[in-house]
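Written below as structure tokens is the structure these notes are about.
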Amino acid sequence: MLSKKVEEALNEQILMEGASSNFYLAMAVWAEQNGYSGVSDFLYKHSDEERFHMLKLVKYINERDGVAIIPAFQAPTTNYGSVKELFEKLYSHEVKVTQSIGELVGICLDERDFTTHNFLQWYVSEQLEEEALAKTIMDKIKLMGSDSGAWYHFDRDILSLTVTSSADSGSAAK
Ligand code: OFO
């Protein structure tokens, strides 16, 4: 049985993961419309992964006799000045999600809910990877500057940059 505090915090995280999924979906649409097919494939996949993160929380709450709440989501922005701007936004969003997972873990410790704490370790390692991947992409973008050949290769190769979490082996979402 979940404490009210843990249940509320898990539900807030559902909002965060679902909003991430929509955010990356909107980014994928923008990238597709602007001719970046590799970047858009990467973002569609990322959006699916975020939805999977949300679902995992929904199922966990229900499993523990809580009530998972599916929230309304704010419409994400659909305008990006450039791929660089898009990934800057993605990176700072991932940093925010990492902070939010950290707070959630802290609440579980305060409430002495070690089962949920254990469940959340998957998110801790997933976030570590996602933030690192976003940072790697930002570093590459800085290096590329305005070299159009480099951008061509970046768009072609970005999907291969996806790293698989060691905590995620056997997951259908990857
Ligand atoms: Fe759900 O991992 Fe990114 O945000």
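Which value, in Å², gives the accessible area per residue of the chain when a 1.4 Å probe is used on the protein heavy atoms?
Value returned for the chain: 53 Å² of accessible area per residue.
Need the full-extension length gain, SER148 to SER92, defined as separation in residues times 0.36 nm minus the C-alpha distance. One decimal, nm.
17.7 nm
Please report the base-10 log of the normalised intensity I(q)/I(0) for the chain, using a Debye sum with one equal scatterer per alpha carbon and no solvent, at each q in 0.16 (1/Å).
-0.94
For the pair GLU131 and ASP157, how long in nm is the line joining their label points, each one 7 Å along Cα→Cβ?
Placing both labels 7 Å along Cα→Cβ, they lie 2.6 nm apart.
Please build a GNM for the chain, connecting alpha carbons under 10 Å apart, and tell me which residue among LEU90, LEU57, LEU161 fluctuates the most.
Sorting by GNM fluctuation, first place goes to LEU161.
Compute the separation of the alpha-carbon centres of the range 86-102 and the range 16-84 and state it in Å as a whole number.
13
Would you rank HIS153, HIS93, HIS53, HIS117 by solvent-accessible area, highest first, keeping every protein chain in place and using a 1.4 Å probe? Before the final figure, lay out each step's value.
On the way: HIS153 85, HIS93 25, HIS53 5, HIS117 45 Å².
In descending accessible area the options line up as HIS153, HIS117, HIS93, HIS53.
Take every Cα pair under 8 Å in the range 4-160 that's 6+ residues apart, average their separations, divide by the length, and report that relative contact order as a whole percent. Provide the component values of the computation, followed by the final result.
Working: 149 pairs, mean separation 46.7, N = 157.
With pairs under 8 Å counted, the relative contact order is 30 percent.
Which of the DSSP-defined H helices in the chain satisfy a minimum axial length of 30 Å, computed from C-alpha atoms, and a minimum mean Kyte-Doolittle hydropathy of -1.0?
What comes out of the filter, once short or polar helices are dropped, is 4-33, 37-63, 83-110, 114-144.
So what is the 222 nm mean residue ellipticity for the chain from helices alone, if each DSSP H run of at least 4 adds -39500 (n - 2.57) and you divide by all residues, rounding to the nearest 500 deg cm²/dmol?
Numbers: 5 runs with 126 residues, N = 174.
Counting only the DSSP helices, I get -25500 deg cm²/dmol.
Ignoring ligands, DNA and RNA, what percent of the 1.4 Å accessible area of the range 4-160 is carbon and sulfur?
54
Lysine pairs in the range 4-160 with Cα distance under 22 Å, only those 8 or more apart or on different chains: how many are there?
Summing the qualifying lysine pairs gives 23.
The values are calculated or read from the model by the stated rules, or taken from the named source; none is laboratory data. Just so it is clear, the structure is predicted and the values come from calculations on it, not from any experiment. Heads up, the Cβs are rebuilt from the backbone with ideal geometry, glycines too, and the neighbour counts pull from every protein chain shown. Heads up: the accessible areas ignore ligands, DNA and RNA and are worked out on the full protein's heavy atoms, side chains in. Shrake-Rupley method; radii C 1.70, N 1.55, O 1.52, S 1.80 Å.
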